[in-house]
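Below you'll find the structure, written out as structure tokens, and then a few comments.
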Amino acid sequence: MDLWLARNLARRLRGVNHLDEALEVGRQALERARELAADRPLAFEAGVGQCLHGVAVTLAVQGQHQEATRMASEAVELFSGLEKENRGHRSGLAGSLEVLGMELGNLGQFSAGLEAISRAVEIYRELRQANPQGFRVSQGNSLYILSSRLSELGRWREAQETARQAAEIGRDIAEAEPSSFLPRFAEYLNNLGKQLYLVGEVEAAAQVRSDN
């Protein structure tokens, strides 16, 4: 199967919750990408990184956090090297850092997770400066994860402010794409309510939750 088609099929299977099939197709795509990159690294190393990212996401959804972390770490290492030569790979690096930050947190490695997701947030901010309408969903998701990592480390004020930023971005997206993004926006609001409560803003937390 064509590498692009395989990656796309794995993503679609994951989207309809056929996770075992998505993982199988994703691993096949990764194996093929590695074979192609062995002969033509300049043409296919980015494809390896994209496949690693896709497999990591599927593993994360399945709850296989250790293996997801390993795949995401490899993707970050690969994209970090590529990004030094071509800044066009920054979005690939940010996406892999986003998954890594999430999965390290799921393994209880909160400080390492915070470092990874903070890098992702910074890259997405830079990307949106160049393209304000691009990467909104990715930036919102990365801020949501960053808020969780900060909260887990007891940095509640920072977590609350980051959660508010995520909610503001999420509100804009949900207004434009209500059918696809409202459930995710609800998660952002729940998180903001939680962080407000943790800093003692009980009434504000209740208001946010009532708006949800």
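A Gaussian network model of the chain, with springs between Cα atoms under 10 Å, assigns the largest mean-square fluctuation among SER179, SER147, SER73 to SER179.
Compute a Gaussian network model of the chain, connecting alpha carbons closer than 10 Å, and tell me which residue from ASP172, ASP39, ASP20 fluctuates the most. Between ASP172, ASP39, ASP20, it is ASP39 that shows the largest mean-square fluctuation. Each part reduced to its alpha carbon centroid, the stretch 171-190 and the stretch 2-20 end up 24 Å apart. Going from the residue with the fewest nearby Cβ atoms within 10 Å to the one with the most, ARG12, ARG70 rank ARG12, ARG70. About the centre of its Cα atoms, the stretch 3-134 shows a dipole size close to 380 debye [charges on the beta carbon of Lys, Arg (+1) and Asp, Glu (-1) only; nearest 20 debye]. Enclosing the Cα atoms of the chain in their convex hull gives a volume equal to 121 cubic angstrom per residue. Calculated FRET efficiency, LYS84 to ALA43, Cβ-Cβ distance, R0 = 25 Å: about 0.90 to the nearest 0.05.
Every read-out reported here was derived from the displayed coordinates using simple, explicitly stated rules and does not represent laboratory data. This one's a predicted model, so the numbers in the text were calculated from it and none came from an experiment. We place every Cβ from the backbone using ideal geometry, glycine too, and count neighbours over all the protein chains shown.
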